[in-house]
Amino acid sequence: MLNAVEEARVLINANRTKPIDLDVQYVFIDKDQRALSHLTMVLQNRGFGHLIGNAIHVIHEDFVSATPVVFKLIQAHTPKARTAIYFLDQYGYSEVPAPLIRQIFANSPGSEVVLTFHVAAFATYTNDQFTDQVSEKLAVDIRAALGGRTVEQIKEEDSADWRRFIQAALYQALVKGCGAEYFTPFFIRGEGSGQGEYWLVHLSQHHRAQDVMKQVHWQHQNHSIHYGGAGLDMLASHMMGFRQEFTGGFQFDDVALSQSAEALPQQLATHIFERRQPLQIGELYASTCNTSPGTSIMYKQALELLLGAQDIVVRSDEGVTRRHAKYMRDTDWVERSPQGALFSLPRGDA
C-alpha cells in the first residue's frame with residue numbers, strides 16, 4: 001500500500017510544475033505481536049521507519065477492538081469527508097462481523113471495504129457445525145440463505161453443484177449483513193487452481209467506487225476470474241458460484257470482453273425499454289452495476305452501438321444529442337427511440 005501511494009505520487013506529479021502532496025495516513029492492525037514486530041522491521045528496512053508514529057500507526061489489537069481508535073484517527077485526519085479504505089484480511093472468515101462493517105459505513109459513508117475469503121475451502125470442508133460457527137462469527141444468517149436445508153442435504157440433493165449453492169448463500173448473507181449498497185464478487189487466482197483461489201469482495205456506498213474496482217479486475221485480467229455471466233445477470237442463481245471441476249469462467253480477458261460486448265447492448269436495451277421513461281446514464285449504471293462485470297465505459301460503448309442502430313436516443317440536459325461514447329456523461333438522458341427495431345415487441349408484450 002505504501003509503495004502504491006508512492007507510485008501514484010510520481011504519476012500525478014510527472015508533468016506538474018507545482019507538485020501535489022498526498023497526505024495519507026496508514027493504520028496497520030494485528031493481534032499477533034510477532035507479525036507487528038516483523039512489519040516494523042520491514043518498514044524500517046524499506047525506508048519508512050521515520051513515518052511510524054506519524055503517518056503510520058501500528059496497533060497491537062484485534063480489528064474489532066481497535067475500531068474506536070481507527071474511527072478517531074479518521075475523524076482527526078479528514079473531519080469532513082471521514083473516508084478510508086479498509087483492507088480486511090478475512091481469509092479464514094472468523095474475525096470481522098458484518099454489523100461492524102455496517103458501523104464503518106455509518107461512521108464514514110465514503111469509505112470502501114475490501115474483504116478476502118477462502119470460499120473454495122469453505123465449500124469443500126464445510127458442514128452444519130462449521131456453517132453455524134461462521135454464521136455466528138460473521139453475524140450473518142447463512143442458514144436462512146440455504147433455504148432451511150442442512151449442508152448434508154444440499155450435498156446429497158445438488159451433487160456436483162453443492163459448492164455453488166453454498167457459496168451463493170454465503171454471498172447473499174454477507175452482502176445483506178454488511179449493508180453495502182454496491183459490491184463486487186470476483187475471485188483472485190493464486191498459483192495453481194482450486195484451493196489457490198480466494199474471493200475478493202469490495203463493498204462501498206457509491207457506484208463510482210464499484211466501477212473503479214471493476215476496472216482494476218479488467219486491468220489485471222491474468223489474476224481475476226468470475227464464475228458467472230457476462231451481461232446483467234452475473235449473480236443469477238444458476239450462474240453464481242465456484243465449482244472446482246469447472247476450469248473455464250469469465251476471466252476478464254479478450255474472450256470475456258467479447259462476451260460482454262455481445263450481451264450488454266441487448267440487455268441494456270431491454271432494461272431501458274422496461275423503464276418506459278428516460279433515465280440518466282449514471283442511474284442506468286447505478287441500478288444495474290451490482291449484477292454486471294461491465295464497467296461504466298463498457299456501458300457507454302454498448303449505448304453507442306444502440307445509438308448506431310437507432311434503437312435509443314441519448315441527450316444532454318441542454319438537449320444536445322450524443323453520438324459517441326467518449327462524449328457521454330452520467331447526467332445525459334437515455335430513452336428508447338420511436339423508430340428502434342430492437343424494441344419492436346409482439347402486441348401482447350407491449
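The values are calculated or read from the model by the stated rules, or taken from the named source; none is laboratory data. The structure displayed is predicted, hence computed values, not measured ones. Glycine also receives a Cβ, built like all others from the backbone with ideal geometry; neighbour counts cover every protein chain displayed. Each accessible area value is taken on the protein alone, full model and side chains, heavy atoms only, with ligands, DNA and RNA left out. Shrake-Rupley method; radii C 1.70, N 1.55, O 1.52, S 1.80 Å.
Remarks
- Cβ pairs under 9 Å, 6+ apart, first in region 306-318 and under 15 Å from Ile281 (Cβ atoms), second of a type in the set (Asp, Glu) and open to solvent by 10 Å² or more (accessible area, probe 1.4 Å): Ile312/Glu335; Val313/Glu335; Val314/Glu304; Val314/Glu335; Arg315/Glu335
- Taking region 255-305 as the range and being of a type in the set (Ser, Thr, Tyr) and without any contact (Cβ under 8 Å) to a residue 24 or more places away in the chain as the test, the residues that pass are Ser258, Thr270, Ser287.
- Taking the listed residues Leu39, Leu100, Leu43, the one that is at pLDDT below 95 and surrounded by 12 or more Cβ atoms within 10 Å (Cβ to Cβ) is Leu100, with no other qualifying.
- Breaking point among (1) in contact with a helix residue (DSSP H, G or I) (Cβ under 8 Å, 6 or more places away or on another chain); (2) crowded, with 16+ Cβ neighbours inside 10 Å, for Ala261: (2)
- In region 171-197, residue modelled with the highest pLDDT [restricted to those that are assigned to a strand (DSSP E or B) and surrounded by fewer than 19 Cβ atoms within 10 Å (Cβ to Cβ)]: Ile188
- Hits in region 122-147 (condition: modelled with pLDDT under 75 and over 20 Å from Pro97 (Cβ atoms)): Ala123, Thr124, Tyr125
- Number of the exception - Ser292 against (1) closer than 30 Å to Tyr171 by Cα; (2) open to solvent by 50 Å² or more (accessible area, probe 1.4 Å): (2)
- Taken together, the criteria place Gln277 among residues that are part of a loop (DSSP other than H, G, I, E, B) and surrounded by fewer than 20 Cβ atoms within 10 Å (Cβ to Cβ).
- Scanning region 10-28 for residues that are on the phi < 0 side of the Ramachandran plot, of a type in the set (S, T, N, Q) and open to solvent by less than 80 Å² (accessible area, probe 1.4 Å) turns up at least one hit.
- Of all the residues in region 295-323, those that are of a type outside the set (A, V, I, L, M) and surrounded by 13 or more Cβ atoms within 10 Å (Cβ to Cβ) number 11.
- Criterion applied to Thr116, Thr150 was being in contact with a Phe, Trp or Tyr (Cβ under 6 Å, 6 or more places away or on another chain) and either at pLDDT 75 or above or farther than 27 Å from Cys289 by Cβ (or both), and the one residue passing it is Thr116.
- Cβ-Cβ contacts under 9 Å between residues 6 or more apart (or on different chains), taken from a first residue in region 211-226 that is more than 14 Å from Trp199 (Cα to Cα) and assigned to a loop (DSSP other than H, G, I, E, B) to a second residue that is of a type in the set (Asp, Glu) and open to solvent by 70 Å² or more (accessible area, probe 1.4 Å), are listed as Gln221/Asp254.
- Failed criterion for Leu73 (all others in (1) touching a residue at least 40 places away in the same chain (Cβ under 8 Å); (2) within 30 Å of Ile142 (Cβ to Cβ); (3) aliphatic (A, V, I, L, M) hold): (2)
- Residue match in region 82-98 (condition: assigned to a helix (DSSP H, G or I), under 30 Å from His118 (Cα atoms) and in contact with a Cys (Cβ under 7 Å, 6 or more places away or on another chain)): yes
- Per this entry, His60 is counted among residues that are modelled with pLDDT of 95 or more, under 30 Å from Val140 (Cα atoms) and open to solvent by 50 Å² or more (accessible area, probe 1.4 Å).
- Flag for Thr67 being touching a residue at least 24 places away in the same chain (Cβ under 8 Å), in a loop (DSSP other than H, G, I, E, B), of a type outside the set (A, V, I, L, M, F, W, C) and closer than 23 Å to Val201 by Cα: no
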